[in-house]
Each structure stands twice: as C-alpha cells, then as structure tokens.
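Just below is one structure, and these are the notes that go with it.
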Amino acid sequence: AAGGAPWQLVAEPTQTDLHAGHADADSGVAVLVGAAGQVLRSADQGAHWERISVPSSEGMRRVTRDAASGAWFITGTGGALLRSSDGAKSWALVPTGTVAQLRALIREPDTDALLVTGRDGVLLRSTDAGLHWSPLQTHTASRLKGLALHPGSGHLLAVGRPLHVTSR
C-alpha cells in the first residue's frame, strides 16, 4: 500500500486469471490483461474497472504504453499483439507472422524502433510505431521473456528460459 495505507478490495470485474497490468502516470489510465482475451481498463486510478472487448481470445500476457507514440500494446499467446491508439479504449489485432507466445516490448533508443520478444527465440521489430512487425534473427530457440537496454553500453539484452542472454 502506498505510504503504509491499508489495502482495500476493489470490486472484481472478472473471474478470469489476470496476468499483468500497467498504470500510465501521464494519462491516468490503467489496464489489466489476462486469460481468454480479458482486458480491463480504469480511467480513475483503479477505483472502477470496465471490461474492454478485444479482437482476440488468446491469453494476454503483458501490457505497456509506449511513451513516444502514446500507443498501448498487449502481447499474448498465439502470436497475439494488440495495439490501441485511443487511450486503451479500443484495440486492433496487429499481424505478427508468428504463433509464438509474445511477451516484453520496449523501444530501442538509438533507432526508435519497437522490439517484442517471444517463445522459440522470437524477436520482432517495428519501425512504424507498432503497425507492422518483421522478425530478427536471434540464433536461439529459447523462450525469450524479457528485454532490457544496458544503460552504459546501450546493448540490448534478451533474457529467456533456459537462462539465455543475447546482446546486440
């Protein structure tokens, strides 16, 4: 709890497992994602939640907002990648060319491209704010679960399972 305040239960708008969430300080919007295409949105700091219809019933695994473009992204199973350009109110399914589960998404600071990782060594890159994606060669079949940029060297680190670190 913030500042030591006690936790309180907010009404549960779903019985489906939720896997991830993102709260955006700039817009005040928060989004939760989960199994079977569940997406919940709050515009009042989590006091109230609404279920948002999305064009996929895949398991949603991660959600983030790209500060540079203002677009929201959800990644999930079956190669699902959803994009919203209206504050997470509506979502479009973006073709990825993969059926691998997708996970982390970050922006490459030196090129301004977006990158997303997934199972089977999948690494996708977009140079148009996430409207189109193309695969990059990773030379691994690991389950890539996360991406990070090393602040000193600027190297991109992709981490997976079994433990696998790839840098560029």
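Data table
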| quantity | calculated |
| --- | --- |
| Per principal axis, descending, Cα span of the chain in whole Å | 46, 35, 31 |
| About the Cα centre, charge dipole magnitude for the chain (Lys/Arg +1, Asp/Glu -1 at Cβ), debye | 500 debye |
| Residue-normalised accessible area of the chain, given per residue in Å² at a 1.4 Å probe | 53 Å² |
| Positive-end extreme of charge dipole, region 1-140 - chosen from Ser27, Ala113, Leu93 (charges on Cβ) | Leu93 |
| Cα convex hull of region 73-128, projected area averaged across orientations, nm² | 4.0 nm² |
| Per-residue SASA entry for Glu50, accessible area with 1.4 Å probe, Å² rounded to 10 | 90 Å² |
| Portion, in percent, of the accessible area of the chain that falls on carbon or sulfur, probe 1.4 Å | 52 percent |
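The values are calculated or read from the model by the stated rules, or taken from the named source; none is laboratory data. Everything quoted here is computed from the prediction, not taken from an experiment. Every residue, glycine as well, gets a Cβ built from its backbone with ideal geometry; the counts of neighbours run over all protein chains shown. Each accessible area value is taken on the protein alone, full model and side chains, heavy atoms only, with ligands, DNA and RNA left out. Shrake-Rupley method; radii C 1.70, N 1.55, O 1.52, S 1.80 Å.
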